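First comes the structure, then the notes that go with it.
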Amino acid sequence: MENNKLSNYGYTLFRVGIPALMLLHGTHKLEKLMAGGEIKFMDFMGLGTETSLLLAVIGELVAPLFLIVGFKTRWAAIPAIITMFVAAFVAHSGEPLDEREHSLLYMIAFIAIAMIGSGSNSIDAWLQKRKSKA
């Protein structure tokens, strides 16, 4: 296999794999949001627990779905980065580094995805090719 193709597939694995794992966290938060009743969640910046949880669902479920398919990839990475930043430095601020490690790893990965872009195996690339043919 050509080295460039191998790199494209490697990046696609990274762009899809990391957000796919994040979906596990997002679906749990969505279930908590949809369950009704009292929501026990961090009240970020006085927004309220329900709004804070909704923002976490956007960062951990909606944005990763966009990243997986490679649609508006750089923009979609932003809510995921912010959510992981808040998780690592606000929600878990008093905890030791090893307790914040997952949030930090996800944040670093989402920053890398934002810097690299969608790659060649994505909706963004397909749309760009279609646009250039027109």
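The values are calculated or read from the model by the stated rules, or taken from the named source; none is laboratory data. Quantities reported herein were computed from a predicted structural model and do not represent experimental measurements. All Cβ positions, even for glycine, are placed from backbone atoms using ideal geometry, and neighbour counts span all protein chains on display. These accessible areas exclude ligands, DNA and RNA; they are computed on the full protein's heavy atoms, side chains included. Shrake-Rupley method; radii C 1.70, N 1.55, O 1.52, S 1.80 Å.
Across S93, S103, S122, mean-square fluctuation computed from a Gaussian network of the chain (C-alpha pairs under 10 Å connected) peaks at S93. Helical runs (DSSP H, four residues minimum) scored at -39500 (n - 2.57) apiece and divided by the length of the chain put the mean residue ellipticity at 222 nm at -23000 deg cm²/dmol. For the chain, the tally of Lys pairs with Cα-Cα distances below 24 Å comes to 10, considering only residues 8 or more apart or on different chains. Local charge sum around A112 (other residues, Cβ-Cβ under 14 Å, Lys/Arg +1, Asp/Glu -1)? Cβ neighbours under 14 Å give a net charge of +2. The portion of the accessible surface of region 48-99 made up by carbon and sulfur, rounded to a whole percent, is 71 (1.4 Å probe; DNA, RNA and ligands excluded). Among the listed values (1) 52, 34, 21; (2) 58, 51, 25; (3) 63, 32, 21, the one computed from these coordinates for Cα extents along the principal axes in Å is (1).
The mean accessible area for residues of the chain, using a 1.4 Å probe and ignoring ligands and nucleic acids, is 63 Å² per residue. Between the alpha-carbon centres of region 76-109 and region 47-75 there is a gap of 14 Å. Taking every protein chain into account, the 1.4 Å probe leaves F14 with about 70 Å² of accessible area, to the nearest ten.
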